[in-house]
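The values are calculated or read from the model by the stated rules, or taken from the named source; none is laboratory data. Remember, it's a predicted structure, so these values are computed and weren't measured experimentally. Reconstructed Cβ throughout: ideal geometry from the backbone, glycine too, with neighbour counts over all protein chains shown.
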Amino acid sequence: MTRYYRPLVHPGPMPAGAARLAGGWLWFREVEEITRGGPRRIVPVTALPSAARAALTSPRAPVAGLTLSAPRIMGIVNATPDSFSDGGAYEAAEHAQTLVAQGADIVDIGGESTRPGADFVPAEAEIARTAPVIAQLPGTLVSIDTRKAAVAEAALGAGAQMLNDVSGLCFDPDMAPLAARTGAPICIMHAKGDPKTMQQDPRYDDVLLDVYDALAAQIAVARAAGVAMSQIVVDPGIGFGKTLDHNLALLRGLALFHSLGCPILLGASRKRFIGTLTGVNTAAERIAGSVAAALAGVAQGVQILRVHDVKETREALKIWGAVGGPL
Ligand code: HH2
């Protein structure tokens, strides 16, 4: 029977006998041991099997040169026709530069909306939207938000350094070999089904454990293709084939994903669950809720926050760092 280990994490000074989480800003002395259908129990870190302990505590490798001992901000740039008026690539690149000036460590450029119900975009169109934007951003750490290896390859050619695959290597079999060949870090996100249909009655036995197992399986796919563990970032995929309750269960249990041994990326920014909980219907106005969700992630050791509102998130992180322990 598989045992899952969720560290019970804390910020601030680390007491004797505790272990540091992933070389980051949190520590833990106990973990919740979970089995499917079985009782949950709290066990001391000293009682963990050595592999489980190593997965939780080993410092994470830098991602494209970015160290992860403090939370990092990935700013979102949508290079889709509905995001910018006529200026297209120029406007998108300008927006990316603004996000960097506001404190983004990475900018994530996407040319295909993956909103629930969104239509498929052919690779050529997606390349025409994204590569010219990336080419205007030398010196900026860019990730390409795409499910398609051809788009990812064109982006790397234009200067991107990281891949962000919302299908978690399920859409394009050439994606993992591309990551292996180029050595680019890759975010493996969990999604249940295709964006077109994913919100139609998604079901899980236990959403936290099911998403964990699915990510573990996709890490294995990447490793089998020759991707190094140090290249992999994982993401539970908030809103991708998940109901409100599913999203909340994942957010509450986020620290479990550290047991996968990779950095965690969280994309909660402006998502529908925030509108559902706050009553804020316009996505662009969900800033306070988005910042609260980001901080909830940081409190569980999430290393990379994918956000629209970089300035507000950066300010919130400064306050968190000042009162919650050094970041
Ligand atoms: N969410 C969206 C797109 N890409 N990538 C990762 N790793 N994690 C996410 O949660 C994630 C993602 C949502 O996309 P969309 O609905 O198109 O909107 P936006 O890109 O503005 O967030």
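Residues in region 223-239 that are in contact with a strand residue (DSSP E or B) (Cβ under 8 Å, 6 or more places away or on another chain) and part of a loop (DSSP other than H, G, I, E, B): VAL227, PRO236, GLY237, ILE238. The residues of region 105-148 that are surrounded by fewer than 21 Cβ atoms within 10 Å (Cβ to Cβ), aliphatic (A, V, I, L, M) and not in a loop (DSSP other than H, G, I, E, B), listed by number, are ALA123, ALA125, ALA128, ALA135.
Could you run through region 148-175 and say how many residues are more than 16 Å from the ligand (Cβ to nearest atom), of a type in the set (A, V, I, L, M) and over 15 Å from ALA131 (Cβ atoms)? Explain how you work it out, then say what you get.
Taking region 148-175 as the starting set, the residues that turn out to be more than 16 Å from the ligand (Cβ to nearest atom) are 149-150, 153-154, 156-159, 173-174.
Among the residues that remain, those that are also of a type in the set (A, V, I, L, M) are: 149-150, 154, 156, 158.
When the remaining residues are screened for being over 15 Å from ALA131 (Cβ atoms), the result is none.
Matching residues across region 148-175 total 0.
In region 246-268, the count of residues that are in contact (Cβ under 8 Å) with a residue 60 or more places away in the chain, within 15 Å of the ligand (Cβ to nearest atom) and over 22 Å from LEU169 (Cα atoms) is zero. Being at pLDDT 95 or above, among the β-branched types (Val, Ile, Thr), closer than 15 Å to ARG6 by Cβ and buried (at least 16 other Cβ atoms within 10 Å of the Cβ) is a property that does not hold for VAL233. One residue stands out in region 40-62 among those that are in a loop (DSSP other than H, G, I, E, B) and touching a residue at least 60 places away in the same chain (Cβ under 8 Å): the one that is nearest to TRP27 (Cα to Cα), namely SER58.
Sub-7 Å Cβ pairs linking a first residue in region 161-187 that is at positive phi to a second residue that is more than 15 Å from the ligand (Cβ to nearest atom) and of a type outside the set (S, T, N, Q), at least 6 apart or interchain, are LEU169/ALA176; LEU169/VAL221, ordered by first then second residue.
Identification of helices (runs of 4 or more DSSP H) wholly contained in region 240-327 with 1 or more residues that are under 13 Å from the mean Cα position of the chain (by Cα) yields 244-252, 287-298.
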